[in-house]
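Asks: My questions will all concern the structure given below.
The values are calculated or read from the model by the stated rules, or taken from the named source; none is laboratory data. Everything quoted here is computed from the prediction, not taken from an experiment. Virtual Cβ from ideal backbone geometry, glycine too; neighbours counted across all protein chains shown. Heavy atoms of the whole protein, side chains included, go into the accessibility calculation; ligands, DNA and RNA do not. Shrake-Rupley method; radii C 1.70, N 1.55, O 1.52, S 1.80 Å.
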Amino acid sequence: MNCRPQPNLRRMRLGFTLVEVMVTLAIVGGIMVSITQILQAARLSRDTIHNLQETRLVGPAILDWIERDLRGLWVFNLPVDRVLRVRNRVVSGMDADALDFVTTTDSVLGYEVKNQLVRSDYGEVGYRLRERPDDDDFLELYRREGFGVDDEPFEGGSWVFLSDRVKQFDIQVYYEDGPDADPKEEFDPTKENEKTTVQIAGEEVEFNGLPARLEISLTL
């Protein structure tokens, strides 16, 4: 006679009901949404910190580069209208002045001459801004560099991208030193039939030389 006990059908039941599956999915979905929100917040914080750090590092580096180029301003055996030009410009409602000059600092870019890559000991340099295609709140800043010096030192050359988070690039031109000197917006000796007159020692005189100093303001 077989006396084995019958199995408990309730304990032998396998799997989950549809309600249990739906509850589990709802719980897992809520956890995933929370994790996604946390990761998104962390990414935004990381990007914000990165942009702040980049701005603090890039801004001084660009100004140091401009200062280095200007300290090498080449004036020997060149007329004034081929040495320096500062133009007052506004792009998208923001100051976007243009700066062009000839400098004796070594070129950054390499140029191919007779199948050899060489660098120039002097050349044409410029700084120019343009609208940023994907954001109207910022401008893009580029550095222009030309190999050697030709008859049009303020045109041509190769452009190198510097920054796409510029809010202002303003240049003030001073024709004399001192705390009481009045700044001008431009210095453009290439304009024909346009004389530059300035107040020096209380008298208005025609100015034919180079400015005493430039003050450059860059906001990122």
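Asks: Just to be sure I understand, how many residues within the stretch 156-194 are under 14 Å from TYR127 (Cβ atoms) and not hydrophobic (A, V, I, L, M, F, W, C)?
Replies: Counting residues in the stretch 156-194 that are under 14 Å from TYR127 (Cβ atoms) and not hydrophobic (A, V, I, L, M, F, W, C) gives 5.
Asks: What's the total number of residues in the stretch 67-116 that are within 21 Å of the chain's Cα centre (by Cα), hydroxyl-bearing (Ser, Thr, Tyr) and open to solvent by 20 Å² or more (accessible area, probe 1.4 Å)?
Replies: Matching residues across the stretch 67-116 total 1.
Asks: Which ones in the stretch 171-184 are part of a strand (DSSP E or B) and crowded, with 17+ Cβ neighbours inside 10 Å? Break it down into steps so the answer makes sense when it comes.
Replies: Step one: list which residues in the stretch 171-184 are part of a strand (DSSP E or B), which gives 171-174, 183-184.
Within the stretch 171-184, ILE171, GLN172, VAL173, TYR174, LYS184 qualify.
Asks: Within the stretch 126-170, track down each residue that is loosely packed, with under 14 Cβ neighbours inside 10 Å and aliphatic (A, V, I, L, M).
Replies: VAL160
Asks: Do the conditions hold for ARG119, that is, is it surrounded by 12 or more Cβ atoms within 10 Å (Cβ to Cβ), modelled with pLDDT under 85 and either touching a Ser or Thr at 6+ places or on another chain (Cβ under 9 Å) or closer than 28 Å to TYR174 by Cα (or both)? Give the derivation first.
Replies: Values: surrounded by 12 or more Cβ atoms within 10 Å (Cβ to Cβ): yes; modelled with pLDDT under 85: yes; either touching a Ser or Thr at 6+ places or on another chain (Cβ under 9 Å) or closer than 28 Å to TYR174 by Cα (or both): yes.
Yes, satisfied.
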